[in-house]
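Chemist: Quick one: the structure is below, questions incoming.
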Amino acid sequence: MLSFKIIKIDIFQSYFFGEVEFRNDCYKVNIQNQKRGKVLKLPFEIASKKERMIVRMTGPGELFVEDYLPYCGESEWLEIDSDEITYFIADHQDQFDTIEIMDK
């Protein structure tokens, strides 16, 4: 499992942009709706044979939202395109502290 600590996520017109930390390295994160379909891209290459991964955002207590997204390779940022995640974040802004990515 990959676990990204959320440093900040700000809302813009129809998407969220911010910064996450993974193993002491900081990366930009972009979360938006499914304009190009569901998408997951990571800021580094991973060795996974799975084509789809669970992306889960969690917060204090039992707050979480998750979606099953196709892994689309490497990008400059952590990119998450998911209607479910985007709309849930909009209703619970500033309540999340972690993004978890699992290939199970």
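Chemist: So is Y15 in contact with a strand residue (DSSP E or B) (Cβ under 9 Å, 6 or more places away or on another chain), within 15 Å of L2 (Cβ to Cβ) and of a type outside the set (D, E) or not?
Modeler: Values: in contact with a strand residue (DSSP E or B) (Cβ under 9 Å, 6 or more places away or on another chain): yes; within 15 Å of L2 (Cβ to Cβ): no; of a type outside the set (D, E): yes.
The answer is no for Y15.
Chemist: Also: Hey, can you tell me all the residues within the range 68-97 that are in a strand (DSSP E or B), of a type in the set (D, E) and open to solvent by 20 Å² or more (accessible area, probe 1.4 Å)?
Modeler: E74, E79 - these are the residues of the range 68-97 that are in a strand (DSSP E or B), of a type in the set (D, E) and open to solvent by 20 Å² or more (accessible area, probe 1.4 Å).
Chemist: Quick one: in the range 25-36, of everything that is in a strand (DSSP E or B) and among the basic types (K, R), which residue is farthest from the chain's Cα centre (by Cα)?
Modeler: Selected residue: K35.
Chemist: Filter the range 37-60 for residues that are among the aliphatic types (A, V, I, L, M) and part of a loop (DSSP other than H, G, I, E, B); which is most open to solvent (accessible area, probe 1.4 Å)? Steps first, please.
Modeler: First pass over the range 37-60, keeping only residues among the aliphatic types (A, V, I, L, M): 39-40, 42, 46-47, 53-55, 57.
Next, from what is left, pick out any that are part of a loop (DSSP other than H, G, I, E, B): 46-47.
Values: I46: 37, A47: 110 Å².
That would be A47.
Chemist: Collect the residues in the range 10-24 that are assigned to a loop (DSSP other than H, G, I, E, B) and either at positive phi or open to solvent by 80 Å² or more (accessible area, probe 1.4 Å) (or both), keeping them in residue-number order.
Modeler: F12, Q13, R23, N24
The values are calculated or read from the model by the stated rules, or taken from the named source; none is laboratory data. Everything numeric here is computed off the predicted structure, so don't read it as measured data. Positions of Cβ are generated from backbone atoms using ideal geometry, with glycine treated the same way; all protein chains shown enter the neighbour counts. Accessible surface areas use protein heavy atoms only, side chains included; no ligands, DNA or RNA. Shrake-Rupley method; radii C 1.70, N 1.55, O 1.52, S 1.80 Å.
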